[in-house]
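Everything on this sheet refers to the single structure shown next.
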Amino acid sequence: MNPSSDSISPDKAEILKVAQECIASAIQSTIAFDRVGDKTDGKGYVPYVDLAPKRLIVTNIFGTLHAQFGNMLVLAAVFKSALWHLLPEKTRLSKANLSKLYNRTIKVLGQVAPNSPVLNMDREILMHIQRELELDIS
């Protein structure tokens, strides 16, 4: 459903290119720590699935996870917007990838949520959005 390059002005094409870079950055920021502690040396990596054998200990876990929550809100907003249909086919923001990103983020938030009312609320919000967008739940 992507429009042909003839139907988009050069200015809009540039905006879409920047939007695609922002989407890729939000995804990379969310999954940056997914393979830390992985004992398979990356051989069993499934994109957008956290492989850490236990919860990571990082300096600011609250800030890290709350930022990942924010990334999920932005990606859901883009996915629901008219912008999503204008993005190139190669954009990694597909329904399948968004489902995986939501599942991994909800899982990671769930590890810390018992100790943080805010992160617990973040997790509940993501679960609600996940249902509203009819994303696959694992």
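The numbers here are math on the coordinates, done by the rules we state, and not lab data. Keep in mind it's a predicted model, so treat the numbers as computed, not measured. Cβ atoms come from the backbone with ideal geometry, glycine included; neighbour counts cover every protein chain shown.
Below are the figures for this structure:
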quantity	calculated
Relative exposure of PHE62, PHE79, judged by other C-beta atoms within 10 Å (fewest first)	PHE62, PHE79
For ILE61, ILE27, ILE15, order by how many other beta-carbon atoms lie within 10 Å, fewest first	ILE15, ILE61, ILE27
Approximate spin-label separation SER138-VAL58, in nm, with each point projected 7 Å along Cα-to-Cβ	2.1
FRET E, pair VAL36, LYS90, Förster distance 30 Å, beta-carbon r, rounded to 0.05	0.65
The chain: relative contact order in percent, alpha carbon pairs under 8 Å with at least 6 residues between	26
For the chain: Kirkwood Rh in Å [reciprocal of mean 1/r, alpha carbons]	16.1
Order of GLU89, GLU14 under a 10 Å beta carbon neighbour criterion, fewest first	GLU89, GLU14
